[in-house]
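The values are calculated or read from the model by the stated rules, or taken from the named source; none is laboratory data. Every value quoted in this text rests on a predicted model; they were computed, and no experiment measured them. Cβ placement follows ideal geometry from the backbone for every residue including glycine, while neighbour counts extend to all protein chains displayed.
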């Protein structure tokens, strides 16, 4: 078993409204950052995973995203795995 | 003026407890993912920024992080800028 560092980025789907992103955009405009257009806000998770191989770590991470970390209806995720 | 896509990753400082990460770790263990160790949860933002150059977009994004997007006491951030 080796340790892997899995980076997970979870973002609201491009076709959906992102109220949190809109709130951040308004706050940035109010602070004088008028050059900011669209803002999207998602999550970034870093997981420490024990697995026999990089592929196994990736498969486990994908299962975690499907079952808990991302909402399959409203969010997309992508994964990056590296040896820890 | 050109448009740039700025990716911002904001994570809790490594030396601080991350209660949200601990909650995710417990939930993953309860779902049977016992191979997961430390979990850290942060934010990922994607901003659409108008600027005269890549360096100017980066400087503006850094100012936004310092003033609004990241808590300088508890969080670290890193930035990536690409032409949109």
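For the stretch A:43-63, the criterion of being touching a residue at least 12 places away in the same chain (Cβ under 8 Å) and touching a helix residue (DSSP H, G or I) at 6+ places or on another chain (Cβ under 6 Å) is satisfied by at least one residue. Among the residues making up the stretch A:41-54, a single one is surrounded by 13 or more Cβ atoms within 10 Å (Cβ to Cβ) and more than 8 Å from chain B (Cβ to nearest Cβ): A:54.
For residue A:38, the requirement of being loosely packed, with under 13 Cβ neighbours inside 10 Å, within 11 Å of chain B (Cβ to nearest Cβ) and touching a residue at least 12 places away in the same chain (Cβ under 8 Å) is not met. For the residues B:57, B:23, the requirement of being surrounded by 20 or more Cβ atoms within 10 Å (Cβ to Cβ), part of a helix (DSSP H, G or I), more than 7 Å from chain A (Cβ to nearest Cβ) and more than 16 Å from the chain's Cα centre (by Cα) singles out B:57.
Can you tell me how many residues in the stretch A:31-48 are in contact with a strand residue (DSSP E or B) (Cβ under 8 Å, 6 or more places away or on another chain) and part of a loop (DSSP other than H, G, I, E, B)?
So in the stretch A:31-48, the residues in contact with a strand residue (DSSP E or B) (Cβ under 8 Å, 6 or more places away or on another chain) come out as A:35-48.
Then drop every residue that is not part of a loop (DSSP other than H, G, I, E, B), which leaves A:35.
The qualifying residues number 1.
Criterion applied to A:68, A:28, A:17 was being facing another protein chain (nearest Cβ under 7 Å), farther than 28 Å from residue B:17 by Cβ and not in a strand (DSSP E or B), and the one residue passing it is A:28.
If you go through the stretch B:2-20 and keep only what is without any contact (Cβ under 8 Å) to a residue 60 or more places away in the chain and buried (at least 19 other Cβ atoms within 10 Å of the Cβ), you end up with just B:18. Taken together, the residues in the stretch B:71-84 that are more than 13 Å from the chain's Cα centre (by Cα), in a loop (DSSP other than H, G, I, E, B) and modelled with pLDDT of 95 or more amount to 1.
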